[in-house]
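The values are calculated or read from the model by the stated rules, or taken from the named source; none is laboratory data. Because the structure is a prediction, the values reported are computed rather than measured. Cβ coordinates were reconstructed from backbone atoms using ideal geometry, including for glycine residues, and neighbour counts include every protein chain displayed. For accessibility, only protein heavy atoms count, side chains too; no ligands or nucleic acids. Shrake-Rupley method; radii C 1.70, N 1.55, O 1.52, S 1.80 Å.
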Amino acid sequence: MKPEIYALMGFMDKQMKLMNDMVNRIEDFMKSGKMDRISTVYLAYEVHNYYCALEDILKEIASVFENSVTDPSRYHAELLKRMNIDIPGIRKAFLSDETYRLLDELRRFRHVFRHSYTYELDPERVRHVCKITLNVHKLLEKDVEEFKRFLLDIVKE
């Protein structure tokens, strides 16, 4: 399992770099205070991409360890939920409770964004999820570092 663990750590590092870049763009754009229609759509797009990049990490963890989500209609919610639980003898939880709670809100927003072709995005809602993204990223960085320590312990065994 050692090669898979190293590959997972490398993938997590790459995704976190991409996510750092997204967070920096969101932060810079939020500082401008501009929230016209184009700005709203752009920021929603960045939040959507942030969540998708995070979900790619979750899928990779699931493929290296145990997880298989069998209900396709609940796939995204179940994948996120599984990453918040310890699985004795398999792996520790990847996400803390607070990170999970905030990411679940981003997951729901991602769904809205993907299906927003029939209505306008609410600028205040987008501003809110941008703030959540900035906050959750700090928590996620801690969760990733803690999980990488767990992975390094596996490699040492």
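Table for the structure above
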| item | result |
| --- | --- |
| Number of positions in the stretch 66-102 that are in contact with a Leu (Cβ under 9 Å, 6 or more places away or on another chain), under 21 Å from residue 10 (Cβ atoms) and at pLDDT below 90 | 1 |
| The stretch 14-52 - residue that is of a type in the set (Gly, Ala, Ser) and surrounded by 13 or more Cβ atoms within 10 Å (Cβ to Cβ) and, of those, farthest from residue 109 (Cα to Cα) | 39 |
| Check on residue 96, open to solvent by 80 Å² or more (accessible area, probe 1.4 Å) and hydroxyl-bearing (Ser, Thr, Tyr) | no |
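Each row is one residue, and each column tells you yes or no for (1) touching a Lys or Arg at 6+ places or on another chain (Cβ under 8 Å); (2) among the aromatic types (Phe, Trp, Tyr); (3) open to solvent by 50 Å² or more (accessible area, probe 1.4 Å).
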site: 106; (1), (2), (3): no, no, no
site: 110; (1), (2), (3): no, no, no
site: 114; (1), (2), (3): no, no, yes
site: 120; (1), (2), (3): yes, no, yes
site: 126; (1), (2), (3): no, no, no
site: 141; (1), (2), (3): no, no, yes
site: 148; (1), (2), (3): no, no, no
